[in-house]
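S.K.: What follows is a single structure, and I will ask about it in a moment.
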Amino acid sequence: MSVHPSHSGFHPAVQQWFDKSFDQPTPVQDEAWQAIAQKQNVLVAAPTGSGKTLAAFLEAISGLVERSRKAPLEDKVYVLYVSPLKALSNDIEKNLREPLQGIEQILANQGEPPSSIRALVRTGDTPQGDREKMRRKPPQILVTTPESMYLLLTSASGRDMLRDVETLIVDEIHALAGNKRGSHLSLSQARLDALCSRPPYRIGLSATQKPIERIANFLTGGQDCAIVDTGHKREWELQIELPQSPLSAV
């Protein structure tokens, strides 16, 4: 299968996994990967089922695989994924397993050492024992909620986990804009910027909104932000049905 030009910069093992798993990128993936590769803030707006999550994650995974070829990955969080829903957070963690396991298998088949990328979930439901293990050995990808992100930033051990974050992904950002949870998240994002040696790149995932520029402004706090908006037009099926007999009193 030929390599699609928009994601030809992926590590070969990542590219091979994608080509084995999908026929081609969706339009939103096609545009998002080009923008994300530029190391800039990006808002991705597209309907459910368009591949937004993979559009956000795969570039970061490829970067971690590349880094693991030069030296073993450190036990620290490089990618922080924030979802407003606990259930969605667990779904994302499950969806990450498939590409990570597939890429590890491809590396093994090629006689390459594993990338050893780990993805874990930290929410209010995470058992204390798991939190302690995570504190001692942080994952490279951490999936969490806005509230758990806030709590991590209020503790010394949590700040140690997050001080090396390079990419911040905020899912369902349209559900947070304009409410108290969104204001809370904006504060946590600012605290994360101040904690890290370089403010993380922000990637927002949104349902289609108008005006989408307001969601981009919420994501970045007024900083520059590339917008990938593939639009959404539903297909309509219109039928006119007439009763078989004239309307009459019942």
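Conditions tested, residue by residue: (1) at pLDDT 95 or above; (2) open to solvent by less than 10 Å² (accessible area, probe 1.4 Å); (3) within 24 Å of K133 (Cα to Cα); (4) in contact with a strand residue (DSSP E or B) (Cβ under 9 Å, 6 or more places away or on another chain).
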{"residue": "G51", "(1), (2), (3), (4)": "no, no, no, no"}
{"residue": "L54", "(1), (2), (3), (4)": "no, no, no, no"}
{"residue": "L58", "(1), (2), (3), (4)": "no, yes, no, no"}
{"residue": "L64", "(1), (2), (3), (4)": "yes, yes, yes, yes"}
{"residue": "S68", "(1), (2), (3), (4)": "yes, no, yes, no"}
{"residue": "V77", "(1), (2), (3), (4)": "yes, yes, yes, yes"}
{"residue": "S89", "(1), (2), (3), (4)": "no, yes, yes, yes"}
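Rundown of residues vs (1) at pLDDT 95 or above; (2) surrounded by fewer than 22 Cβ atoms within 10 Å (Cβ to Cβ); (3) touching a Leu at 6+ places or on another chain (Cβ under 6 Å), yes/no style:
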position	(1), (2), (3)
Q140	yes, no, yes
V143	no, no, no
P146	no, yes, yes
L153	yes, yes, no
S157	no, yes, no
I169	yes, no, no
E172	no, yes, no
A175	no, yes, no
N179	no, yes, no
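S.K.: Out of everything in segment 108-129 that is in contact (Cβ under 8 Å) with a residue 40 or more places away in the chain and buried (at least 22 other Cβ atoms within 10 Å of the Cβ), what residue ends up being nearest to I173 (Cα to Cα)?
M.R.: Filtering first and then ranking leaves I117.
S.K.: So, in segment 91-107, exactly how many residues are open to solvent by 80 Å² or more (accessible area, probe 1.4 Å), more than 15 Å from the chain's Cα centre (by Cα) and closer than 20 Å to K137 by Cβ?
M.R.: Residues in segment 91-107 being open to solvent by 80 Å² or more (accessible area, probe 1.4 Å), more than 15 Å from the chain's Cα centre (by Cα) and closer than 20 Å to K137 by Cβ: 1 in total.
S.K.: Any idea which of L168, L185 is of a type outside the set (V, I, T), closer than 16 Å to V82 by Cα and not in a helix (DSSP H, G or I)?
M.R.: Within the list L168, L185, the selection yields L168.
S.K.: Give the residue that is farthest from Q34 (Cα to Cα), with candidates limited to residues of segment 188-226 that are assigned to a loop (DSSP other than H, G, I, E, B) and open to solvent by 80 Å² or more (accessible area, probe 1.4 Å).
M.R.: Restricting to residues being assigned to a loop (DSSP other than H, G, I, E, B) and open to solvent by 80 Å² or more (accessible area, probe 1.4 Å), the top hit is S197.
S.K.: Is it true that S50 is among the hydroxyl-bearing types (S, T, Y) and outside any loop (DSSP other than H, G, I, E, B)?
M.R.: So S50 fails the test.
The values are calculated or read from the model by the stated rules, or taken from the named source; none is laboratory data. Keep in mind that what you see is a predicted model, and the values were worked out from it rather than measured. Cβ: placed from backbone, ideal geometry, glycine included. Neighbour counts: every protein chain shown. Accessible surface areas use protein heavy atoms only, side chains included; no ligands, DNA or RNA. Shrake-Rupley method; radii C 1.70, N 1.55, O 1.52, S 1.80 Å.
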